[in-house]
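The values are calculated or read from the model by the stated rules, or taken from the named source; none is laboratory data. Only a predicted model underlies this, so the values are computations on that prediction, with no experimental measurement involved. Positions of Cβ are generated from backbone atoms using ideal geometry, with glycine treated the same way; all protein chains shown enter the neighbour counts. For accessibility, only protein heavy atoms count, side chains too; no ligands or nucleic acids. Shrake-Rupley method; radii C 1.70, N 1.55, O 1.52, S 1.80 Å.
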Amino acid sequence: MATQAKRIIEDAVVRKDAKVGDKLLDRAFALAFKGLVYAQIWEDPVVDMEGLEIGPDTRVMCIASGSCNALSYLTAGPAQVTAVDLNRAHVALGQLKITAIRHLPNYERFHRFFGHADHKENAEVYRTMIAPHLDAESRKYWEKRDIRGRRRISYFTRGLYRKGLLGNFIGLAHLFAKLYKIDLSKVLEAQTLEEQREVFERELAPVFDRKFVRWLTSQPASLFGLGIPPAQFEHLAGDERMAEVLRRRLEKLACDFEIKDNYFAWQAFARSYDRSESAPLPPYLQRANWEVMRERVDRIDVVNANMVHWIGDREEKSLDRFVLLDAQDWMNNAQLDELWARITRAGRPGARVLFRTAAEPSLLPGRLDEAILSKWRYLEEQSADLTRRDRSSIYGGVHVYELA
């Protein structure tokens, strides 16, 4: 199974027409991507659900990642959600969340397990309440030991959101902040947007002018921890220095949304969710949605597969919504044509596709076969609005297309 997962990831990531040096970088990323990358998905589900306009008959396909968004879509009441992912660690995390929703006795237990994700009692909760109901493959993943010899399920007693490729990357960023004597907690203590901007300009912005930071961020491998492969690195940087691009994205995260409403900022600056009673949380983790999640959890499934192949195996006109995250930034033109030909075949009239790009513009014009693209309508105004309001702040654009 591990060999098959490795092959699936390499097939998606390694550019066949790249130079030798670029292929080596791609393979290094594929190796890093094989383990847990995102303990939390880094796309805003609230703007997603607005762009998708999910209804009671809607059948959604999305990339799983941490499954936060796939589960959150249930609050909109779709008929079915299928979360597809190349990474078996992400599939195991999604299955763990689904099983916990089904079998934990109350919201408090669920929130302690996935909201705090660092309580010692979570080990016993897993052993007695979750593990007996978990599928064999996911249970095998969580009970296997990591490179340090600890069972992976212990992530939930030692801080899940400090683990994985992204968690380690954020931890390294915090280490650099300490070395440069930057107090990241000051962002979280700010009471107004004005105070947040003052902290950003005083504490955070100057670090991007340092020579070492500018050199480090110019290396494609430095952003593997954000889940950005070498091919996407080029799109993200464009004609600018990567340090400047990252400074603008961090500025949006730190300054454009009130901290009390943005759990992405808490993950970036505290490496955890806010512990207060009124803490911002993903919809699936909110107390108000607990009963809805219990009622609708049977409408979701998480599968380990290449999404292009999975979509190609569906019946014609069988799906309504497709959430591609930023996966297209990894693709060449031929791969884009194959993906969208399959989406167009599987999509019902009025189907919508939502995706993100590292750069600001949609990547489809001039790259996707015009015979396919002409069947879709770009919702330009809505896309611009969703981009502006995406609290995750890491992407250049959120884009929505609708099948005519």
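Details
- Some residue of region 385-396 being modelled with pLDDT of 95 or more, more than 30 Å from residue 258 (Cβ to Cβ) and open to solvent by 20 Å² or more (accessible area, probe 1.4 Å): no
- Against the numbered list (1) among the hydrophobic types (A, V, I, L, M, F, W, C); (2) out of contact with any Lys or Arg (no Cβ under 6 Å at 6 or more places or on another chain); (3) under 28 Å from residue 368 (Cα atoms), residue 319 comes up short only at (2).
- For residue 339, the stated conditions hold: it is buried (at least 20 other Cβ atoms within 10 Å of the Cβ), free of Cβ contacts under 8 Å to residues at least 60 places away in the same chain and assigned to a helix (DSSP H, G or I).
- Checked against (1) modelled with pLDDT under 95; (2) hydrophobic (A, V, I, L, M, F, W, C); (3) open to solvent by 20 Å² or more (accessible area, probe 1.4 Å), residue 177 passes all but condition (3).
- All positions within region 309-336 that are crowded, with 18+ Cβ neighbours inside 10 Å and not in a helix (DSSP H, G or I): 319, 320, 321, 322, 323, 324, 325, 326, 331
- Any hit, region 356-375, residues being in a helix (DSSP H, G or I) and open to solvent by less than 30 Å² (accessible area, probe 1.4 Å): yes
- Among the residues of region 218-232, the ones that are in a helix (DSSP H, G or I) and at pLDDT 75 or above come to 1 in all.
- In this structure, residue 303 does satisfy being among the β-branched types (Val, Ile, Thr) and either open to solvent by less than 20 Å² (accessible area, probe 1.4 Å) or in a strand (DSSP E or B) (or both).
- Residue 281 satisfies every condition listed in (1) in a helix (DSSP H, G or I); (2) at pLDDT 95 or above; (3) among the aliphatic types (A, V, I, L, M) except (1).
- Note on region 284-300: among residues that are out of contact with any Gly (no Cβ under 7 Å at 6 or more places or on another chain) and surrounded by 21 or more Cβ atoms within 10 Å (Cβ to Cβ), the one that is nearest to residue 164 (Cα to Cα) is 284.
- Region 161-217 - residue that is polar (S, T, N, Q) and in a helix (DSSP H, G or I) and, of those, farthest from residue 394 (Cα to Cα): 185
- Contacts under 7 angstrom Cβ, first residue in region 296-319 being among the β-branched types (Val, Ile, Thr), partner part of a strand (DSSP E or B) and surrounded by 15 or more Cβ atoms within 10 Å (Cβ to Cβ), 6 or more apart: 300/81; 300/83; 302/83; 303/82; 303/84; 311/61
- Applying a threshold of 7 Å to beta carbon distances and a minimum spacing of six or more residues, or different chains, the list of pairs starting in region 252-263 at a residue that is buried (at least 20 other Cβ atoms within 10 Å of the Cβ) and ending at one that is modelled with pLDDT under 95 and among the hydroxyl-bearing types (Ser, Thr, Tyr) reads 253/393.
- Residue within region 127-149 that is open to solvent by 10 Å² or more (accessible area, probe 1.4 Å), touching a residue at least 24 places away in the same chain (Cβ under 8 Å) and in contact with a strand residue (DSSP E or B) (Cβ under 9 Å, 6 or more places away or on another chain) present: yes
- Residue in region 343-355 that is most open to solvent (accessible area, probe 1.4 Å), counting only those that are in a helix (DSSP H, G or I) and in contact with a Phe, Trp or Tyr (Cβ under 9 Å, 6 or more places away or on another chain): 344
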